[in-house]
Amino acid sequence: MAARRAGLGASLAAARARSLTFGRHRPPRAPCRGAAMEPAPRWLAGLRFDNRALRELPVEVPPPGPEGAPSAPRPVPGACFSRVRPAPLRQPRLVALSGPALALLGLGAPPAAREAEAEAEAEAALFFSGNALLPGAEPAAHCYCGHQFGQFAGQLGDGAAMYLGEVCTAAGERWELQLKGAGPTPFSRQADGRKVLRSSIREFLCSEAMFHLGIPTTRAGACVTSESTVVRDVFYDGNPKYEQCTVVLRIASTFIRFGSFEIFKSTDEHTGRAGPSVGRNDIRVQLLDYVISSFYPEIQAAHAGDRVQRNAAFFREVTRRTARMVAEWQCVGFCHGVLNTDNMSIVGLTLDYGPFGFLDRYDPDHVCNASDGAGRYAYSKQPEVCKWNLQKLAEALQPELPLELGEAVLAEEFDAEFRRHYLQKMRRKLGLVGEPQEEDAGLAAQLLETMHLTGADFTNTFYSLSSFPVEPESPDLEEFLAVLTAQCASLEELRLAFRPQMDPRQLSMMLMLAQSNPQLFALMGTRANITRELERVEQQARLEQLGPAELQSRNKEHWASWLQRYRARLDKDMEGVGDTAAWQAERVRVMRANNPKYVLRNYIAQNAIEAAEGGDFSEVRRVLKLLETPYDSEAAASAEPEGVGAAGRRRSYSSKPPLWAAELCVT
């Protein structure tokens, strides 16, 4: 077996030497559609690349430098891509593979025989770390700009990601492969182009979790770690530590984003920054033509003779897809965390999983990114932020799309499409399978308000509703109320959630400044923070006067009131139904198909990360398996943890989060 592995390593090293070549363009390969894949001598060798983006968009060839030297940070004018080289890692090893994601590429599971499986995993570790390139891969970094936290930041680009190329499948599909964390690029600025194990595991797991929840997303095919390390100050508190370099293989139709069109932006009046390709409308035209013909061919065909109408139809469809995507987020309690324009997909996919989070205790003002002090990207603000980002895209498409036309499309489409899709999804989550009623939006809003008042767990509350006894005098109603109130926040949880964030002396000084020098106080931009802090202090004082029995009684009253309204609405749904048993079965089926039992809660990801940092990848693989069937509790049961870990931190994946989870800080 050792000899066979050595032989494989030598042949893969030779493949790497052959494939690490860089020119302006490789000869075009045969088109995807209708072509058969050649038999593969090894697991990955059958992947066939046809890198259309690099043929149809301008590519910068890096300036001459020492062989093997990393890409130097620099402006990249007049180009959409720059050729780069992955930086090798020491002893790459596979953390996990996603079979469903790799199946997109026509890859079956690695061979089941132990030796063959080990060879396939070694091959995956070599190629998906960037230590070797598959024949036909042409690594490049994409140039884009972006508005970050509302301010134009100028050139950003793929600072820690590399386009490998586009794989064509026997079915005629085309998938872009990308390595995230493979080393520096011209867009790395002062960074090293690396990602670490904790952030890579989170991205890998959440990409796949979102797909299986039915939400448009980029995919993750592999996670590969190594013995190479980088220094990271995890909490920005002056306590850096060494962490393992890790790479995620990402898969999507394209990773082009809103910010891709902002490279042409002239000097911003607020930040003084400009895009690297100001004045290059010829490239904007190229990019638009490429995106529409490649990813919106039906729009290209319908408006071949009128570019303005074509571009308007394109922007309309991007607007609709974005509205539907964020409606899906809101309905599953997903918080993105960094909704900058450079993190918004041009084809309506959830893109770039950084400080994301799923709601535990329902709080519309929840901020999952500890770096977002002003709460710009709070859960409840996500729809409005996505609309704001679309406005910036409309501005970036000028003059190819007149701004007044783009703004008219945005005003006409976004809110209407968001409300329509959100309410349609909420009706399914509530099991309203009959004719829609005007009261449905109010019923859903009152449910969320009840969840807010009681601190109810978002995922578990919706999942529990499918067990609501529909008979008015059912003896199970009290038991059901007990199930719901068990999902409400305890006094201990609430006191932890609303603990003050400022030292009392600091708060007192800020309040004095607000009185004595309101102009200076306003310039400091802390009014919202002070307001939130005062609310926390007030809430803490109320909680100190509250006992557990009184809290439970209040929660029960809130839920009994909403359930009375819910029952009345279900009664309307049953009117005229001949077979109530069939209606009830359909209601439960629809609810179970739209209310997941499992989401990637922060504490679940953290348990997997801690195990992986200790060299045990089984928890990552177990969680990945569970997230493939979030709506199917029976199929997922085999992946549930057994017993309690050494630190007492392992529990059912569908549990409310433990108290220690409130201490997790994601930035």
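The values are calculated or read from the model by the stated rules, or taken from the named source; none is laboratory data. Note that the structure is predicted; figures quoted are calculated from it, not measured. Cβ sites come from the backbone with ideal geometry, for glycine too, and all protein chains shown count toward neighbours. We work out accessible area using only protein heavy atoms, side chains counted, and drop any ligands, DNA or RNA first. Shrake-Rupley method; radii C 1.70, N 1.55, O 1.52, S 1.80 Å.
What is the dipole size for the range 347-454, taken about its Cα centre, with +1 at each Lys and Arg Cβ and -1 at each Asp and Glu Cβ, in debye to the nearest 20? Around 420 debye, computed over the range 347-454. For the chain, the Cα gyration tensor yields ellipsoid semi-axes of 42, 30, 28 Å (square root of five times each eigenvalue, largest first, whole Å). Note on the chain: dipole from Cβ charges, positive end direction compared against Pro77, Thr485, Leu624; the farthest Cα belongs to Pro77.
Helices in the chain that qualify as membrane-span-like (whole DSSP H runs, Cα extent of at least 30 Å along the helix axis, mean Kyte-Doolittle hydropathy of -1.0 or higher) are 307-332, 403-429.
Strictly greater than 16 Å: what percent of every Cα pair in the range 570-628 meets that? In whole percent, the share of Cα-Cα pairs in the range 570-628 beyond 16 Å is 60. If you take the square roots of the eigenvalues of the alpha-carbon gyration tensor of the range 520-635 and sort them as a ≥ b ≥ c, do you get rounded (a/c under 1.5), prolate (a/b over b/c) or oblate? It comes out oblate by the Cα gyration axes. The Cα center of the range 338-367 and the Cα center of the range 597-624 differ in position by 20 Å.
Taking only the Cα atoms of the range 332-383, the ratio Rg/Rh comes out at 0.94, with Rh defined as the Kirkwood radius. Number of Lys pairs in the chain with C-alpha atoms less than 22 angstrom apart, excluding same-chain neighbours closer than eight positions? Eligible lysine pairs with Cα atoms under 22 Å apart amount to 19. Which residues in the range 426-461 place their backbone N less than 18 Å from a point set 7 Å from the Cα of Asp415 along the Cα-to-Cβ direction? Label zone hits: 441-442.
Each principal axis of the Cα cloud of the range 428-490 was evaluated for its coordinate range; sorted largest first, these ranges are 36, 27, 16 Å. In this entry, the range 499-573 is assigned a mean projected area of 8.3 nm², taken as a quarter of its C-alpha convex hull surface. Calculated over the range 257-363, the projected area of the Cα convex hull averaged across directions stands at 8.6 nm². With Cα atoms as the point set, the radius of gyration and Dmax of the range 452-587 evaluate to 22.1, 71 Å.
With N the number of residues in the range 59-99, Rg(Cα) / (2.2 N^0.38 Å) evaluates to 1.64.
Here the relative contact order of the chain, from alpha carbon pairs under 8 Å that lie six or more residues apart, stands at 12 percent. Dividing the alpha-carbon radius of gyration of the range 47-123 by the rule-of-thumb value 2.2 N^0.38 Å gives 1.56. Measuring nothing but alpha carbons in the range 539-599 and taking Rh as the Kirkwood radius, the Rg to Rh ratio lands at 1.20. Accessible area per residue (1.4 Å probe, heavy atoms of protein chains only) ranks Phe295, Phe235, Phe334 as Phe235, Phe295, Phe334, with the largest value leading.
The separation of the range 481-543 from the range 51-96, counted between C-alpha centres, amounts to 47 Å. Based on the Kirkwood approach, the hydrodynamic radius assigned to the range 61-191 is 16.5 Å, with every pair of different Cα atoms included. The solvent-accessible area of Glu492, taken with every protein chain present and a 1.4 Å probe, is close to 120 Å². Of the peptides 463-475, 121-133, 439-451, the order by per-residue mean of other Cβ atoms within 10 Å, starting with the highest, comes out as 121-133, 439-451, 463-475. What the chain shows is 43 Å² of accessible area per residue, with the surface traced by a 1.4 Å probe over protein heavy atoms. On the principal axes of its alpha carbon atoms, the range 299-424 extends 52, 31, 21 Å, with the longest extent given first.
Return the ratio Rg/(2.2 N^0.38 Å) for the range 98-161, where Rg is computed over Cα atoms only. Relative to the 2.2 N^0.38 Å estimate, the range 98-161 comes out at 1.65. Can you tell me how the range 115-219 classifies by the Cα gyration tensor, rounded, prolate or oblate, using a/c under 1.5 as the rounded cut? Verdict is prolate for the range 115-219. Taking Cα centre as origin and charging only the Cβ of basic (Lys, Arg, +1) and acidic (Asp, Glu, -1) residues, the dipole magnitude of the chain rounds to 2000 debye. Given +1 at the Cβ of Lys and Arg, -1 at the Cβ of Asp and Glu and no other charges, the dipole of the range 449-511 around its Cα centre is 620 debye to the nearest 20. Shape class for the range 388-542: oblate, because the ratio a/c of the largest to smallest gyration tensor axis (alpha-carbon atoms, square roots of eigenvalues) is 1.5 or more and b/c is at least a/b.
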